[in-house]
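Presented below is the structure to which this report refers.
The values are calculated or read from the model by the stated rules, or taken from the named source; none is laboratory data. Predicted, not measured: the structure shown is a model, and the values here were computed from it. Please note: Cβ atoms are built from the backbone with ideal geometry, for glycine as well, and neighbour counts cover all protein chains shown. Note: areas computed on protein heavy atoms with side chains; ligands, DNA, RNA excluded. Shrake-Rupley method; radii C 1.70, N 1.55, O 1.52, S 1.80 Å.
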Amino acid sequence: MEKFIEGVLRFRNEVFPTRSALFEELASGQQPEVLMITCADSRVDPALLTQSSPGDLFVCRNAGNIVPPWGESGESNTASIEYAVTVLGVSEIVVCGHSDCGAMKGALNPDSLQALPKVARWLEHSRAAVAVAQRRNPNADEATLLRSATEENVLLQLEHLRTHPAVAAALAAGAIRLHGWVYDIGSGHVLAHNPGSGRFEQFAATRDAA
Ligand SMILES: [Zn+2]
């Protein structure tokens with residue numbers, strides 16, 4: 001714990017003064033452009049991987065970057081989404097999964113969750129993604145199946161998002177856009193779902209940037 005307390009003191013004494021104007025502005029309110037829904041995994045750092053500053057991202061995290069369909073369990077997630085869309089008026093929602101996701105591994109192997117009844121129940125929201133991945137990849141190795149399930153889970157949670165009245169209304173008004181990403185921890189790449197090709201592709205593949 002000591003290193004974290006030292007970090008808090010270093011932030012206040014060394015980092016904060018260099019960006020005090022930003023924090024002064026943020027002290028009276030936030031106007032984030034993006035709602036990012038991602039996994040609670042310690043290796044996923046939304047601000048780092050998007051090179052964002054405080055105030056830029058409204059972040060909602062849970063095991064498996066899951067969005068329960070409207071009316072289902074997961075009230076805290078639903079409330080955060082409703083607030084971000086209705087009150088803060090975010091214009092983009094990103095659902096970001098990641099490689100080596102423990103939640104997706106659990107969803108693929110429900111027998112491993114016997115001692116984790118709450119996790120097992122939560123991952124029911126990913127069951128359709130697992131079913132699609134298994135059907136699409138018969139006889140595939142574990143790594144292929146995990147990657148496919150991770151991608152299908154992002155797409156499934158985007159579908160769930162559309163069942164939320166606040167999101168559905170904002171989509172109908174053209175006030176919001178939905179994005180599906182998968183972050184690869186080992187390579188640093190973020191793959192984005194391209195609705196045109198139906199595949200997850202590197203940004204470099206769809207843009208001119210290297
Ligand atoms: Zn994860």
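Miscellaneous remarks
- Scanning segment 80-118 for residues that are part of a helix (DSSP H, G or I), within 16 Å of the ligand (Cβ to nearest atom) and either touching a residue at least 12 places away in the same chain (Cβ under 8 Å) or not assigned by TED's automatic domain parsing to the domain that holds residue 171 (or both) yields 102, 103, 104, 105, 106, 107, 108.
- Restricting segment 36-54 to residues that are open to solvent by less than 30 Å² (accessible area, probe 1.4 Å) and more than 10 Å from the ligand (Cβ to nearest atom), the residue that is nearest to residue 18 (Cα to Cα) is 46.
- Residue ID - surrounded by the fewest Cβ atoms within 10 Å (Cβ to Cβ), chosen from residues in segment 87-110 that are more than 17 Å from the chain's Cα centre (by Cα) and under 17 Å from residue 36 (Cβ atoms): 87
- Within segment 140-160, the presence of at least one residue that is under 19 Å from the mean Cα position of the chain (by Cα), assigned by TED's automatic domain parsing to the domain that holds residue 75 and without any contact (Cβ under 8 Å) to a residue 12 or more places away in the chain is confirmed.
- On inspection, residue 19 qualifies as basic (Lys, Arg), open to solvent by 60 Å² or more (accessible area, probe 1.4 Å) and not assigned by TED's automatic domain parsing to the domain that holds residue 155.
- Every test in (1) of a type outside the set (D, E, K, R); (2) in the same structural domain as residue 189 (by TED's automatic domain parsing); (3) away from the ligand (no atom under 16 Å from the Cβ); (4) at pLDDT 95 or above is passed by residue 70 save one, and that test is (4).
- Flag for residue 33 being farther than 30 Å from residue 106 by Cα, more than 25 Å from the chain's Cα centre (by Cα) and open to solvent by 80 Å² or more (accessible area, probe 1.4 Å): no
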